[in-house]
1. For the stretch 217-339, state the average projected area of the convex hull of the C-alpha atoms over all orientations, rounded to one decimal in nm².
2. Using the crude model of +1 on Lys and Arg Cβ and -1 on Asp and Glu Cβ, and no other charge, please compute the dipole size for the stretch 2-87 relative to its Cα centre, in debye to 20.
3. Over the chain, what is the mean sequence separation of C-alpha contacts under 8 Å (at least six apart), divided by residue count, expressed as relative contact order in percent?
4. Taking 20 Å as the cut-off for C-alpha to C-alpha distance, list the pairs among LYS63/LYS97; LYS29/LYS69; LYS179/LYS230; LYS6/LYS53 that go past it.
5. Only bridges whose two residues both fall in the chain count here: according to DSSP, what percent of them are antiparallel, nearest 5?
6. Restricting attention to the alpha-carbon atoms of the stretch 266-321, what are Rg (one decimal) and Dmax (integer), both in Å?
7. Any idea how far the Cα center of the stretch 1-40 sits from the one of the stretch 150-223, in Å?
8. Report the charge-dipole magnitude of the chain in Debye, nearest 20, computed about the Cα centre from +1 at each Lys and Arg Cβ and -1 at each Asp and Glu Cβ.
Amino acid sequence: MIDRIKEILAAVESFQPKSIEEVEEFRLKYLSKKGLIPALFDDFRNVPAEQKKEVGAEINILKQKATDKLNELKDALTVNAEGKIELDLTRPGDPFKIGSRHPLSIVRNEIISIFTRLGFIVADGPEIEDDNHNFGKLNFPQDHPARDMQDTFFISPDMNVLLRTHTSSVQAHEMSELKPPIRSLSPGRVYRNEAISARAHCLFHQIEGLYVDKNVSFADLKQTLDYFAKEMFGEHTKIRMRPSYFPFTEPSAEVDVSCTLCGGKGCNVCKGTGWLEILGCGMVDPNVFEAAGIDPEIYTGFAFGMGIERITMLKYGIRDLRLFFENDIRFLNQFTAAI
Ligand code: PHE
């Protein structure tokens with residue numbers, strides 16, 4: 001009996017009418033009172049009890065598919081003046097599911113879109129760097145711990161060629177190669193020799209911002225980041241700056257946003273503090289300007305850098321960084337975006 005059902009199903013599925021009469025013949029043959037499918041329901045009485053469940057389910061599927069097909073054919077076909085059928089060309093297309101962007105791409109595009117509204121342009125830089133652009137020009141002393149083997153993946157034995165550890169290396173290129181005013185945004189992959197866990201990975205993504213011009217002040221930096229935080233996390237978001245240290249900025253700060261989950265009241269995501277750290281920033285150090293050939297007496301500037309994974313985790317409440325790299329379709333399917 002199962003074979004017979006499968007045979008009829010195959011015939012139903014492959015049926016292609018050439019005329020409206022053939023659609024009617026289809027209905028008579030399969031679905032009318034004396035048709036093949038009602039006949040199966042009659043035969044069903046003789047099916048042994050232990051097979052009834054399986055056979056019953058198959059017949060129901062067949063009936064549903066034949067009914068759907070008939071409705072579809074009736075909808076799709078119209079008759080032209082000569083009585084021939086033709087496809088209804090005004091019928092809207094069947095929607096089909098297109099792929100979705102990776103959550104990191106969605107957030108990167110959103111960050112770019114916010115800063116391009118402020119006049120920043122996107123600047124690219126190499127992932128394989130020399131020591132000078134990753135460290136030297138950025139005012140890292142020769143014995144700075146960040147140059148240590150534990151953090152940096154070196155490529156050449158003399159430790160001069162390496163995988164960039166931050167997108168600040170693009171700043172070093174931009175400032176050496178362009179004349180101010182410079183307003184650039186540099187997204188990209190960075191690499192650090194760290195054990196992989198829910199909070200750290202050896203490969204992650206950063207986005208770097210740089211603004212160099214006459215009279216750029218710390219107030220400009222704060223206002224720019226306040227605008228960013230409100231655009232990214234909602235208009236009620238507050239920021240606070242804490243003093244920090246980076247070799248390439250002076251003064252330097254770390255920026256927190258009011259907790260995206262509790263709004264600042266204190267919860268387990270912000271560990272009761274009401275604040276979440278999102279980025280590092282500061283005023284470009286005069287030594288960095290000098291190394292790039294820009295006169296620090298004339299120009300000032302600010303820079304900031306943030307981890308795209310971190311922003312994405314805060315925005316979507318994702319608790320494990322490794323999810324971004326496993327590419328499990330059940331995870332990725334949950335994200336849709338216009339950009
Ligand atoms: N490069 C720093 C980091 O990777 C972030 C930063 C960028 C800080 C620009 C200040 C200015 O942590």
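Values quoted throughout were computed directly from the atomic coordinates according to the rules given, and no laboratory measurement underlies them. Everything quoted here is computed from the prediction, not taken from an experiment. Reconstructed Cβ throughout: ideal geometry from the backbone, glycine too, with neighbour counts over all protein chains shown.
1. Averaged projected area of the stretch 217-339's Cα convex hull equals 9.8 nm².
2. So the dipole magnitude of the stretch 2-87 works out to roughly 300 debye.
3. Once normalised by length, the contact order is 15 percent.
4. From the list (LYS63/LYS97; LYS29/LYS69; LYS179/LYS230; LYS6/LYS53), the Cα-Cα distance tops 20 Å for LYS63/LYS97; LYS179/LYS230.
5. Beta bridges within the chain, antiparallel portion: roughly 95 percent.
6. My reading of the Cα-based Rg and Dmax gives 17.1, 48 Å.
7. Distance between centres, Cα-based: 66 Å.
8. 1480
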